[in-house]
Amino acid sequence: MAFVKKEIADLQINPFTMISKKWFLLSAGTLEDYNTMTCSWGAVGEIWNAPSVTAYVRTNRYTHEYLEKNQLFTISVFPEEYRKALAFCGSHSGRDCDKAKETGLTPVGLENSISFAQAEFIFVCEKVYRQPMQADGFLDPENLGKFYVKDPMHDLYIGRILAVYENER
Ligand SMILES: Cc1cc2nc3c(=O)[nH]c(=O)nc-3n(C[C@H](O)[C@H](O)[C@H](O)COP(=O)(O)O)c2cc1C
């Protein structure tokens, strides 16, 4: 494992496929006390003159608690061989199990936050904005009916990207 800091301008990623097809782990906390979950919705771009990431987290996720009590979070992208591990982290709650133990992922502390030794790309982000989604904000009512009938709304978290690391193995 050798995490090497990259310049955002040098990144070659496609954010659309990175988020929706590869998925990512959204993690917050410290090595001693953290939680992580799989996400396949999100956004990467620019706001308030800063490269930023937006994550959408339903309020019932255990990870939501960790996002609330920590100033930093990370977005970790993995090679295809960890698909099963990500599927596990997206279908089990950290309230009920130790996801690292169950998947074999190795937690590592990074810039006062947390990621995993097997990640290929990591965005370290600082929370700058949180916004609960509201029913009256849906201009297309189809999405409200489709995604929020039995599940709670998402909070959106915008994080300013503090650093990007690539794992040069
Ligand atoms: C492929 C995939 C993508 C997911 N994307 C999201 C997402 O973007 N936002 C969200 O709130 N939950 C998403 N989930 C669900 C959470 O990962 C899942 O509920 C997880 O068990 C929450 O864990 P926690 O309770 O430990 O936080 C996704 C699950 C999978 C399998």
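Counting beta carbons within 10 Å around each of LEU25, LEU72 and listing the fewest first gives the order LEU72, LEU25. Would the stretch 54-130 count as rounded, prolate or oblate if I go by the C-alpha gyration tensor, calling it rounded below 1.5 in a/c and otherwise prolate when a/b exceeds b/c, oblate otherwise? The shape class here is oblate. The order of ARG95, ARG130, going from fewest to most other C-beta atoms within 10 Å of their C-beta, is ARG95, ARG130. Each of MET37, MET133 was scored by other Cβ atoms within 10 Å of its Cβ. Arranged with the fewest first, they read MET133, MET37.
Restricting attention to the chain, the count of lysine pairs at 8 or more positions apart or across chains with alpha carbons under 17 Å apart stands at 5.
Largest first, the three principal axis extents of the alpha carbons in the stretch 25-169 are 46, 37, 28 Å in whole numbers.
Relative to one another, the C-alpha centroids of the stretch 150-169 and the stretch 1-77 are positioned 2 Å apart. Comparing GLU126, GLU142, GLU68 in a Gaussian network model of the chain, where Cα atoms under 10 Å apart are tied by springs, the biggest mean-square fluctuation is seen for GLU142.
Each Cα pair under 8 Å and six or more residues apart adds its sequence gap; the mean of these over the residue count of the chain is a relative contact order of 31 percent. Subtracting the Cα-Cα distance of GLN131 and GLU65 from their residue separation scaled by 0.36 nm leaves 22.3 nm. Classify the stretch 1-77: rounded, prolate or oblate, from the alpha-carbon gyration tensor (a ≥ b ≥ c, eigenvalue square roots; a/c under 1.5 rounded; otherwise prolate if a/b is larger than b/c)? Here the stretch 1-77 falls in the prolate category. Note on SER93 and ILE47: the extension gain reaches 13.4 nm, defined as 0.36 nm multiplied by sequence separation minus the Cα-Cα distance. Give me the distance in nm between label points sitting 7 Å out from Cα along the Cα-to-Cβ direction at VAL4 and ARG58, one decimal. So the two model labels end up 4.0 nm from each other.
Read-outs throughout are calculated quantities, based only on the coordinates presented, and are distinct from any laboratory measurement. Please read all numbers here as calculations on a predicted model, not as lab measurements. Quick reminder, even Gly has a Cβ in these numbers, built from the backbone with ideal geometry, and neighbours come from all protein chains shown.
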